[in-house]
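Peer 1: I have a structure I would like to understand better, so I am pasting it below and will then ask my questions one at a time.
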Amino acid sequence: DMIPAFAGAIGKVSLVAAFAVAWEQAYAIRYPGFVAENIRLEMVVASLILLISSACLLPRAAPPGTLTPLIPMVPLMAAAGVHPLTLGLMIGLFGLLLAVTRTLPRIVALNTAGTRGGILMLFGLLGLNDSTVKLFAWSEPVGWLLPVALLSSGLAGYLLLTHWRKAYLTVPVCLVVALAVSAAFGRVPQLSTSPGLPMLDFSWWSVRWQLPVSFGVQPFLAALPFAALAVVMWPLDATAIMTMHEQQYKPYEQKAVFDLNQTFLVVSLRQLIGVVLGGAQVAAVWRSFLIPLGVVRRPIPGAALLLALFSLSFAFAGYPIDIAMYAPILHLVLVFGVYVPMLLSGVKAIRHKSDWLVAALVLTVGIALHPLAGWLLGIASGQWVRLKTRRRR
């Protein structure tokens, strides 16, 4: 239970940091300590909900984590005038409605294998590009050799762990590699976040985000397509992890596999609570916890309890936040803990030539025009291919 709990806590800090940094840069937020304090807020909110749900009342609900594929889209959302509060509220309400009515499986059914694979590969490639560019920008005072050494060392570690079937150690290994390599170049994390408690009230939006809150028609229209895409990504992300769990758990252990409807009920509530209090992230399943949990084949409640305790200790102590949001750690965790596995999952999802054509369309349109356009065109072309196949039969 300790392995997935520790990996999940480290991964959570890094992923929330990535969201907070993306919004901070997109909207030029200048509040001192915005990123670190937002991480503290999100960690406490996630931990308290986790203790109530997965650790106690809903033992088959996967812990609510972070929708990492949406991070590279933050600049696009900001350019479209999307307010983070409006976006978060819409995602939470959409998710709550779909979870209560149990319609998430129907949405998944609209996405053929080609569409699912294309979307996963698209977000994987966008994420890889985003993290690589930011890592090189951070390393600019030192030169190109540092990011190359970081990525090469991270890749070597990832390949070795995959070969040894120890992929659940990816996040801790990324942490060690990032600290060791950057220290060799004379760069170390600055510990400036002191111990403390988060600010848990709506004033986050006026005081720290410094963004005017509006509930008019225009903000909701701007956020609508991105909110819809985020909710569709929920079951795609969860289904990939659930499939992995079903393959790894023994037949008599299948009851330990998480339940989708319970999971997204909790994720939706966590999304609404987090965004009202000023959280920067978009909620989803806790990938950095669930992947190693499946490898060690443990039930959710016990490990979830430890995960909550680790996360609370990180949030209250402050200094672990500085370490986990350190740029080399942040981007190595994103690259090898999220984006590369996402890219590989997309490739594995495609089995037929027709699926590859749909996936190529999603990738081309998504990169050239917009990820939303790629997804919608992928759904349309996937359904056309599916209909054509049925007629032949």
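The values are calculated or read from the model by the stated rules, or taken from the named source; none is laboratory data. Predicted, not measured: the structure shown is a model, and the values here were computed from it. Heads up, the Cβs are rebuilt from the backbone with ideal geometry, glycines too, and the neighbour counts pull from every protein chain shown.
Quick grid of which residues meet (1) in contact with a strand residue (DSSP E or B) (Cβ under 9 Å, 6 or more places away or on another chain); (2) within 30 Å of R116 (Cβ to Cβ):
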site	(1), (2)
S153	no, no
H163	no, yes
V173	no, yes
A184	no, no
A238	yes, yes
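Peer 1: Across the range 348-393, what is the total count of residues that are over 22 Å from F226 (Cβ atoms) and part of a loop (DSSP other than H, G, I, E, B)?
Peer 2: 4
Peer 1: Let me ask something else about it. Quick one: in the range 1-49, which of the residues that are charged (D, E, K, R) and closer than 24 Å to F264 by Cα is surrounded by the fewest Cβ atoms within 10 Å (Cβ to Cβ)?
Peer 2: Once the filter is applied, the top-ranked residue is D1.
Peer 1: Taking the range 346-368 on its own, how many of its residues are farther than 12 Å from G118 by Cβ and within 23 Å of the chain's Cα centre (by Cα)?
Peer 2: 1
Residues checked against (1) in contact with a Ser or Thr (Cβ under 6 Å, 6 or more places away or on another chain); (2) among the hydroxyl-bearing types (S, T, Y); (3) modelled with pLDDT of 90 or more; (4) under 21 Å from W205 (Cα atoms):
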residue: I3; (1), (2), (3), (4): no, no, no, no
residue: V21; (1), (2), (3), (4): no, no, yes, yes
residue: A26; (1), (2), (3), (4): no, no, yes, yes
residue: V35; (1), (2), (3), (4): no, no, yes, yes
residue: N38; (1), (2), (3), (4): no, no, yes, yes
residue: I49; (1), (2), (3), (4): no, no, yes, no
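Peer 1: Given the conditions (1) surrounded by fewer than 18 Cβ atoms within 10 Å (Cβ to Cβ); (2) free of Cβ contacts under 8 Å to residues at least 60 places away in the same chain, and given that A360 satisfies all but one, which numbered condition is not satisfied?
Peer 2: (2) is the only condition that A360 fails.
Peer 1: What residue, among those in the range 216-266 that are under 25 Å from L344 (Cα atoms), in a helix (DSSP H, G or I) and among the β-branched types (V, I, T), is modelled with the lowest pLDDT?
Peer 2: Applying the filter and picking the extreme gives T243.
Peer 1: Next question. Quick one: is A183 at pLDDT 80 or above, aliphatic (A, V, I, L, M) and closer than 24 Å to Q25 by Cα?
Peer 2: no
Peer 1: Can you tell me which condition A28 does not meet? The list is (1) outside any helix (DSSP H, G or I); (2) under 30 Å from I350 (Cβ atoms), and all the others hold.
Peer 2: The number of the failed condition is (2).
Peer 1: Would you tally the residues in the range 140-180 being modelled with pLDDT of 90 or more, buried (at least 18 other Cβ atoms within 10 Å of the Cβ) and aromatic (F, W, Y)?
Peer 2: Selection size over the range 140-180: 1.
Peer 1: Residues to consider are V133, V45, V74, V100; find the one that is in contact with a Lys or Arg (Cβ under 8 Å, 6 or more places away or on another chain), at pLDDT 85 or above, closer than 25 Å to L229 by Cα and part of a helix (DSSP H, G or I).
Peer 2: Of V133, V45, V74, V100, the one residue that is in contact with a Lys or Arg (Cβ under 8 Å, 6 or more places away or on another chain), at pLDDT 85 or above, closer than 25 Å to L229 by Cα and part of a helix (DSSP H, G or I) is V45.
Peer 1: Cβ-Cβ under 6 Å, sequence separation 6+ or interchain: first residue in the range 193-216 and surrounded by 12 or more Cβ atoms within 10 Å (Cβ to Cβ), partner among the aromatic types (F, W, Y). Which pairs?
Peer 2: Between residues of the range 193-216 that are surrounded by 12 or more Cβ atoms within 10 Å (Cβ to Cβ) and residues that are among the aromatic types (F, W, Y), the close pairs are R208/Y31; R208/F34; V213/W205.
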